[in-house]
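What follows is a single structure, written as structure tokens, with notes after it.
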């Protein structure tokens, strides 16, 4: 057995049945071993497409995502996707080929220090230059990516190691031989800490749950929902936390932060206690940290001690496995928490949710993106739909106006904000969830970054629905230049976009285009009914903005809404 054969066998042993990649010289032995291995390989058309596809596969399924690339440009093309997985805690294994071990350090053809390049964007990185080390490093890499706080792990394998014969002693390697120092164990939470947290919660007059992406990673969404329902606790979510509590739940006030709902941001600024579950309090969620939740004490639950009190000091830290912590909290709260204590607060939050809700009765002849996405969400309510977003205005509109019952059904590049993520992530999600409807909501800027993956959809005959919102602008940049740079518009004009319908046709993808509100219903019905990939091109106004908006450096209570100029413009386009 060669090293390359052992690699594929080990992936299968760890229940990896699908990988995404692109071949090249230094990884060629692995591609030779793929033949007859039983592992399905999806040939993407760019290494960045492959790593984003592996990311979408992992996020939507909870399984390990695996991508493969060659040395040099193959490996460097993975870097953005690896960083994306690191920022959003996605279990990802990146496998790269390296030049032969005797050539490392000689500036050989397509040699790059992949190990060094990756160190700041991975949980761990390996360089395998001896066949004897491959079993230990490979098994460690697979387990590390999925244990504790998930994240990307890279293993860079010299070409001669891939071709070398496995020593019989190495073949006997077992999981039990993994060094205990690398085993990730959660810090145990002491009973007195849980007791102190329940006492603080019980004494609160205005408690609020702040749910992040860690809830889904910990598989604790049902427990969180149970806690919310039993004690009627208003809840806000981060972008990655959308779906941790179903969007349709009565006590879900929506997303907080820069483009959060008015009800959510108001609640955060007025609460006297924040129960933070699996969130890192990043700047897009908190606004000016000094003014964030100024009256609140903080209970912070996370599996990663490094995140607790990193930005906002926690009054009580509960570090460990979230399911066990939430269970303990719920059990102890049952004897201490009175629904009547926070009755007025709960009523105020729900009243704000109703009175400050988004409106969709825009009387425009043109297409209003929020209303379109709300309608799409309603159409998908009875389907198993997974939505993958790119980055920009459309990403925020999806977060604001579509409803999700699970965080794994809302795929979005949160921490890194990588344009070009949506289409390949949707591709990966479809391979992981073939029975689900997979929708990629993209913008005309983002779609161009990995549009080559339309060829991958066609090659494998997978059905991904692409809703392309085209405002012929880099919309979010244009909005910021309009608001904060004195309308000095610089390099945001995309009016020379290609005809996206014709582009889709050239790739063999069905497509159509709409530009009037009266066309929306029929177009969405055809879009969803099609049993193959379909691109629906939607022309929207270039001057539409995402509202509300918390300006950078401001408090979440200082959100702004439509300006007079926007209102005047809308009146003029009726």
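Before moving on, here are some points about what is shown:
- Pairwise FRET efficiency - residue 486 versus residue 222, Cβ, R0 = 60 Å, nearest 0.05: 0.75
- Put the Cα centre of the stretch 496-516 next to the Cα centre of the stretch 286-332 and the gap is 47 Å.
- Taking the DSSP bridge list for the stretch 369-543 and keeping only pairs wholly inside it, about 5 percent are antiparallel.
- Summed over qualifying helices (DSSP H, 4 residues or more, each -39500 (n - 2.57)) and divided by its residue number, the chain shows a 222 nm mean residue ellipticity of -10500 deg cm²/dmol.
- Computed over the chain: relative contact order in percent, which uses C-alpha pairs under 8 Å that are six or more apart: 14
- The stretch 212-227 and the stretch 110-151 have Cα centres lying 29 Å from one another.
- Span from the the stretch 1-76 Cα centroid across to the the stretch 442-474 one, whole angstrom: 23
- The value of relative contact order for the stretch 191-355, using C-alpha pairs under 8 Å at least six residues apart, is 29 percent.
- Rounded FRET efficiency, nearest 0.05, which uses the C-beta distance separating residue 343 from residue 383 and R0 of 41 Å: 0.65
- Among (1) 24.5, 72; (2) 33.9, 109; (3) 24.6, 78, the entry that matches Rg and Dmax of the Cα atoms in Å as calculated here: (3)
- Residue exposure proxy: 488, 136, 130, ordered by other Cβ atoms within 10 angstrom of their Cβ from fewest to most, comes out as 488, 130, 136.
- In this structure, residue 283 and residue 463 have a Cβ-Cβ separation that, at R0 = 60 Å, corresponds to a calculated FRET efficiency of about 0.95.
- Going by neighbour counts of Cβ atoms within 10 Å, the residues 82, 131 line up, fewest first, as 131, 82.
- Relative contact order (percent, whole number), the stretch 369-543, Cα cutoff 8 Å, 6+ residue spacing: 21
- Expressed to the nearest 5 percent, the antiparallel share of DSSP beta bridges inside the chain is 5 percent.
- Ordered by the count of other Cβ atoms within 10 Å of each Cβ, fewest first, 251, 22, 360, 347 give 347, 360, 251, 22.
Readers should treat all values here as calculations from the given coordinates under stated rules, not as data from a laboratory. Everything numeric in this text was worked out from a predicted model, so none of it was measured. Counting neighbours? That spans all protein chains shown, and the Cβs are built from the backbone with ideal geometry, glycine included.
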